[in-house]
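Peer 1: Below is one structure. I have some questions about it.
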Amino acid sequence: MLRIRRFVHDNTWLVAIVGLAFLVRVLWVLVAQPTPVSDWHAYRQLAADLLDHHQFGYPDRTTFYLPVHPVHLALWSLISRSDLWLALSSVVLSTASVGLIYAVGVRVHGNRRTALFAAALFAFLPIFILFSPVLATEHLFIVLMLSAMLLLLEAEGRGLLVTVLVGVFAGLAMLTRGEGVFYAPALIVYVWAGSGIPGVRRRVKSTLLIAMGIAIVVVPWYVRNATIGSADTGLSSGAGINFYFAHNDSGIYGWYPEGSPLEGLDAEQANRRGWELGIAYLKEHPADFISDIGFGTVELLKTPRYALFWSTRGLTPGEDPFDPASFVEQEVPFERLLEAALAVPVLLVLSGAALLALRSWQRPVWWLIVPLIGSSWILRTVLYWAKPRYGYFIHVMLVFIAAIALSSIVEANRRAPQMPTV
């Protein structure tokens, strides 16, 4: 008890920010009353399958979805399977991210004030609040990625177990959202360029330990998919479909219409065919790769409305939770105001302003945060397809950049000479 009191006393602002973040998210759950539809329903059903049938997918095991998020929901479902209870599981993860952002921020920026600003931005920007009750993979993914980042910043080549755990958490993130595969290179960039690990030999050792941690988690799932599917399934049979979404000759982006070559194929077949068609299209039309990059970037930076949309969906009783025609919009107060106040432009403006304070950027900002943002854009958007929701990870990373601007403003005001009073 004494330790808790001392922690609260020493971290009053952090405790207040985390507490208020949890409160506003719970209030939004009670207001929005979200119903899991589309993929969110699928994750809940996969969790139920794990508990009821002891397998991932029922009656047929699936290679399409990744396992870690449904396992998380299954653990919560041991207590209750109600929509509100499961929404609370997402809220808890979102709130935990506030504390993790602070912990990472202290090590990235080297001071508590900037870290507190980063935590506050994630805690109170509307887009993060409104999306928090949705049964989306992003919430667990952010917790796992922040944990990997925190351990990486702590390890610095000194602890073998800690370094392996960096890979373990990164691997778990990959099995939560496949995009995690694209962020492993950024972690390695930090090992070689941003960390204080001395000597090439120790950096090679750290790189191999991180790779080992990733393999410990990822390889068993790869083998499982190869066993029940095919050797080229990879981590998810949705990968090839997503690749086709971005690079095809139909003029359609993000889906395939009736009559598409993928129509009627099972996930394994569609995955394989999607890769084949996407690669063949780029070989035949290499110049279109540039336009695809531009289109994907525009989609990534569009005003994101997904947070309010998915957190206010209901479902007509007895209707198909995967059919958008069955969705019902829950009425919430101040809906137009909430839609206008998603505040992503605030992040972008503050991040732009932080460029004026480049001298205050610490090495971890340059060699961890920036590479992670670049990986999300270059590897995630350029190679695959993007839509506004896929900017969520970038937005989280931008809170670290935006916090620099806020901290610099406070510091400038503190140092400004006081005008003499008359």
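The values are calculated or read from the model by the stated rules, or taken from the named source; none is laboratory data. Since we're looking at a predicted model, the values are computed, not measured. Ideal geometry is used to build each Cβ from the backbone, glycine not excepted, and the neighbour counts take in all protein chains shown.
Peer 1: Wholly within the range 196-303, which helices (runs of 4 or more DSSP H) include no fewer than the required count, namely at least 2 residues that are at pLDDT below 80 and either among the polar types (S, T, N, Q) or in contact with a Pro (Cβ under 9 Å, 6 or more places away or on another chain) (or both)?
Peer 2: Fully inside the range 196-303 and qualifying: 288-301.
Peer 1: Counting only residues that are assigned to a helix (DSSP H, G or I) and touching a Gly at 6+ places or on another chain (Cβ under 9 Å), how many does the range 343-364 have?
Peer 2: In the first step, residues of the range 343-364 are kept if they are assigned to a helix (DSSP H, G or I); the result is 344-360, 363-364.
Still in the list and also touching a Gly at 6+ places or on another chain (Cβ under 9 Å): 344, 363-364.
Total meeting the criteria: 3.
Peer 1: On to the next question. Of all residues in the range 168-223, which are of a type in the set (Lys, Arg) and over 22 Å from Ile373 (Cβ atoms)?
Peer 2: Arg201, Arg202, Arg203, Lys205
Peer 1: Still on this structure: Output the helices (runs of 4 or more DSSP H) that fall wholly within the range 1-97 and possess 3 or more residues being modelled with pLDDT of 95 or more and surrounded by 13 or more Cβ atoms within 10 Å (Cβ to Cβ), or say none.
Peer 2: Hits in the range 1-97: 12-32, 39-53, 68-77.
Peer 1: Also: Output the number of residues of the range 1-29 satisfying the condition of being under 19 Å from Leu86 (Cβ atoms) and either more than 24 Å from the chain's Cα centre (by Cα) or not aliphatic (A, V, I, L, M) (or both).
Peer 2: Of the residues in the range 1-29, 3 are under 19 Å from Leu86 (Cβ atoms) and either more than 24 Å from the chain's Cα centre (by Cα) or not aliphatic (A, V, I, L, M) (or both).
Peer 1: Regarding the range 398-407, can at least one residue be identified that is modelled with pLDDT of 90 or more, touching a Leu at 6+ places or on another chain (Cβ under 7 Å), surrounded by fewer than 23 Cβ atoms within 10 Å (Cβ to Cβ) and within 15 Å of Tyr190 (Cα to Cα)?
Peer 2: no
Peer 1: Would you tally the residues in the range 300-334 being of a type in the set (Asp, Glu) and under 15 Å from Asp83 (Cα atoms)?
Peer 2: 0
Peer 1: Considering only the range 295-310, I want to know if a residue exists there that is over 30 Å from Val37 (Cβ atoms), of a type in the set (D, E, K, R) and touching a helix residue (DSSP H, G or I) at 6+ places or on another chain (Cβ under 8 Å).
Peer 2: No, there is no match, as no residue in the range 295-310 is over 30 Å from Val37 (Cβ atoms), of a type in the set (D, E, K, R) and touching a helix residue (DSSP H, G or I) at 6+ places or on another chain (Cβ under 8 Å).
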